[in-house]
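Engineer: One structure follows; several queries about it will come next.
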Amino acid sequence: MTIDGTHAVGDPGHTSDHNTIDDFLLGLLGSVEAPVTSAGTLVVGQHNPLDCTSGSLSFALPVGTPGALLSVDRVDGATAHTCTITGSIRGVGSSSLTLLAPSATPTHESVMFLADTSGSWWPVAGHKSKSWLDAEYLSRAADYGYAAMTCPPDTLAVSSAAMSNAGTITGSVMQLAATASPTSLDFSVATAGSGLTSGHCGVAVFDSTKTLIGTAFTADGATDLATALTGTGKHTCTLTPTGTGLTSLATGKLYAVMFQNGTTAAILKAPANTSAVNGNLSAANSKYFTADTGRTTSFPTTLGTFTARSGADWFAIF
């Protein structure tokens, strides 16, 4: 964690520190004020929760005495409304700092100010919301035009491990960092399959509870997936919603999977093909896995028990 309460890329501590910083701030301040719902002057020595549900509001920093502290926290989710802190900030008079709603990006959800000898206020600690941190530090799918992906497509340097030709579900975990309503799934073939059975190859997406929410048995328009898998390169499948569907999916884990049936299964592209791809995860919690067997023309409603897989198969949704 950095001195201002934010985190470097890849820092795994950002989630656990979310509450730790709040506790730290309260240890330095007297108490928490009641949520402030109208414009006014911030209270020195207190934690000031700011609620802009009613509209955009401005809150003034008082003239500080050397060493004085105060903190602010944007507590509403009204993303259309701005929350502005005004006053002498970082030695510059008539300055302002805008706190967006916790669900907006970017946002300083909490900021702690320290007054210097001139009475100006300096932001010395704070943290961004968990939703912002997740979007910033989880897989940057949006950089590639995706809502979620198993890994960046520019890391696909090798062929994955061989996939079953007898209907075994093979899949990968994706992290959805922001609410989305995907309609399509991409994968890329490294080694073409052959003799695959029409209508007996499919892809699907399962939600964080491993419940089926979308399927496809065709790719690249109306081409049967069994045929598409005999060609190398990237393929796009249009997903058909099922169960609770694909609309407004919440952030968190998703599972992208495929099964094939026929003579020789296609091998997908991957960033690695090694037993180390699942790191220190247990088999039941594998990022790259196999699950149900013997699937032919449909997917199970719920994914079965995972077995760790050495191939890091690439999937992405958008």
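Quick note: the coordinates plus some simple rules give every number you see, no bench work behind them. The model shown is predicted, which means the values in this text are computed figures rather than measured ones. Quick reminder, even Gly has a Cβ in these numbers, built from the backbone with ideal geometry, and neighbours come from all protein chains shown.
Engineer: Kindly put Tyr288, Tyr144 in sequence by how many other C-beta atoms sit within 10 Å of each C-beta, fewest to most.
Structural biologist: With the fewest neighbours first, Tyr288, Tyr144 line up as Tyr144, Tyr288.
Engineer: So, one more: Would you report the distance distribution of C-alpha pairs in the stretch 148-300 as whole percents per 5 angstrom bin, up to the bin with the largest distance?
Structural biologist: 2, 10, 19, 24, 22, 16, 6, 1, 0
Engineer: Same structure, new question: If r is the Cβ-Cβ distance from Thr274 to Ala142 and R0 is 35 Å, what FRET efficiency results, to the nearest 0.05?
Structural biologist: 0.80
Engineer: Moving to a separate point now. Can you give the extra length, in nm with one decimal, that the chain gains between Thr263 and Ser96 once fully stretched, where that is 0.36 nm per residue apart less the Cα-Cα distance?
Structural biologist: So the extension gain works out to 53.5 nm.
Engineer: For the residues Val203, Val63, Val111, what sequence is obtained by ranking on other C-beta atoms within 10 Å, fewest first?
Structural biologist: Val63, Val111, Val203
Engineer: Calculate, for Ser181 and Ser38, the FRET efficiency according to 1/(1 + (r/R0)^6) with r their C-beta to C-beta distance and R0 51 Å; round to the nearest 0.05.
Structural biologist: 0.90
Engineer: Now a separate question. Under 15 Å from a point placed 7 Å out from the Cα of Asp292 along the Cα-to-Cβ direction: which residues of the stretch 227-266 have their backbone N that close?
Structural biologist: 242-244, 255-261
Engineer: How large are Rg and Dmax for the stretch 192-278 when calculated on the C-alpha trace, in angstrom?
Structural biologist: 14.1, 39
Engineer: Now for a separate question. Taking the square root of 5 times each eigenvalue of the Cα gyration tensor, what semi-axes in Å does the equivalent ellipsoid of the stretch 37-96 have, largest first?
Structural biologist: 21, 13, 8
Engineer: A follow-up question, please. Going by how many other Cβ atoms sit within 10 Å of their own, how do Phe259, Phe217, Phe315 line up, fewest first?
Structural biologist: Phe217, Phe315, Phe259
Engineer: Roughly speaking, what is the stretch gain from Thr307 to Thr79, that is 0.36 nm per residue apart minus the C-alpha to C-alpha distance, in nm to one decimal?
Structural biologist: Computed gain between Thr307 and Thr79 is 77.8 nm.
Engineer: Taking only the Cα atoms of the stretch 138-198, how large is their convex hull per residue, in Å³?
Structural biologist: Once divided by residue count, the hull of the stretch 138-198 is 122 Å³.
Engineer: Next question, about the same structure. Quick one: longest stretch of the chain between exposed loop trypsin sites (Lys or Arg not before Pro), exposed meaning at most 14 other C-beta atoms within 10 Å and loop per DSSP?
Structural biologist: 141-318
Engineer: For the stretch 243-318, what number results from the quotient of the Cα radius of gyration and 2.2 N^0.38 Å?
Structural biologist: Its radius of gyration relative to the 2.2 N^0.38 Å reference: 1.20.
Engineer: For Trp122 paired with Thr236, estimate the spin-label separation in nm (one decimal), with each label point 7 Å from Cα along the Cα-to-Cβ line.
Structural biologist: In this crude label model, Trp122 to Thr236 measures out at 5.2 nm.
Engineer: Another question, then. How many lysine pairs does the chain hold where the Cα atoms are under 19 Å apart and the two sit 8 or more places apart or on different chains?
Structural biologist: Step by step, the pairs that qualify in the chain add up to 6.
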